[in-house]
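One structure is given here, and the rest of the page talks about it.
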Amino acid sequence: MSILHGGVYGSRGVEAEAYQEKKKNQVRPIVEQIVNDIDLTVNERRSWTTQGFLICYIVNHRTLFLCICDGTFALRIAFSFLDKIQGDWKAGDAKSFNARLFKEMDFFSNDPSSDKVRSLSSNLESVKNIMKDNIGKMLARGEAIETVLDKTETLKDSSDRFKSSATRLKRRMWWKNVKLWCVIIIVILIIILVITLVACGGFTFDRCRPKSDNQSS
């Protein structure tokens, strides 16, 4: 798909034009007929197909901007080409404008960025892919967060169990210490009692009584 011809025509005839050589002999008669038939006093934009070609033109201020394309060429790109050359055209600059026409014909025929709709669709597709990738990363991150939360909950449960076990162990150790001290105190009391009994002559405490008590007995 390509632009086969582009041209600018005025009341004096050809101002500037360019052809793709491979279709020049087929396209030239169509161009000559269109240029002769179009009324330059009526500003308009038109397009149609004939003999397998797409014809598009713009008439503005008694100047005709014409292009002929392959029949399957996108209409919107053809008119984008005409709008571009119309914006660039300066009367009396025909010689250098022939080269400009070749350049713009090649650009609008082959460069994807020349099609704003296609370029926008491509950009939207890129944005959509980026969004999908970001959503995928967010979901993966969400799964990771859930895993971390699960591990945190597990650690919390383990911590609670450890705390309960430590409390019970502390309580048991406290009771063991109490029992140990009780045993120690009892042993000490028994030792004191034994020493007292030995020193005082048994349970009668004869040696430990005052002498007056012993004499009266």
**OP:** May I ask you to list the residues in the range 104-141 that are modelled with pLDDT of 75 or more and surrounded by 13 or more Cβ atoms within 10 Å (Cβ to Cβ)?
**Re:** Glu104, Met105, Asp106, Phe107, Phe108, Ser109
Subject >> Hits in the range 77-96 (condition: farther than 23 Å from Thr41 by Cβ, at pLDDT below 90 and either crowded, with 17+ Cβ neighbours inside 10 Å or of a type in the set (S, T, N, Q) (or both)) >> reply: Ser96
**OP:** Considering (1) modelled with pLDDT under 95; (2) open to solvent by less than 30 Å² (accessible area, probe 1.4 Å), say which one Asn60 fails and leave the rest.
**Re:** (2)
**OP:** Return the total of residues in the range 65-76 being surrounded by 21 or more Cβ atoms within 10 Å (Cβ to Cβ) and among the aliphatic types (A, V, I, L, M).
**Re:** 2
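Matching residues to (1) closer than 21 Å to Ser109 by Cβ; (2) open to solvent by 30 Å² or more (accessible area, probe 1.4 Å); (3) modelled with pLDDT under 95:
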site: Ser11; (1), (2), (3): no, yes, yes
site: Ala18; (1), (2), (3): yes, no, yes
site: Lys24; (1), (2), (3): yes, yes, yes
site: Ile38; (1), (2), (3): no, no, yes
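So which of Leu54, Leu40 ends up being part of a strand (DSSP E or B), without any contact (Cβ under 8 Å) to a residue 40 or more places away in the chain and of a type in the set (A, V, I, L, M)? Break it down stepwise before answering.
Values: Leu40 fails: part of a strand (DSSP E or B).
Going through Leu54, Leu40 in turn, just one is part of a strand (DSSP E or B), without any contact (Cβ under 8 Å) to a residue 40 or more places away in the chain and of a type in the set (A, V, I, L, M): Leu54.
The values are calculated or read from the model by the stated rules, or taken from the named source; none is laboratory data. Nothing here was measured: the structure is a model prediction, and the numbers come from that model. Note that each Cβ is placed from the backbone with ideal geometry, even for glycine, and that neighbours are counted across all protein chains shown. What goes into the accessible areas is simple: the full protein's heavy atoms, side chains included, and nothing from ligands, DNA or RNA. Shrake-Rupley method; radii C 1.70, N 1.55, O 1.52, S 1.80 Å.
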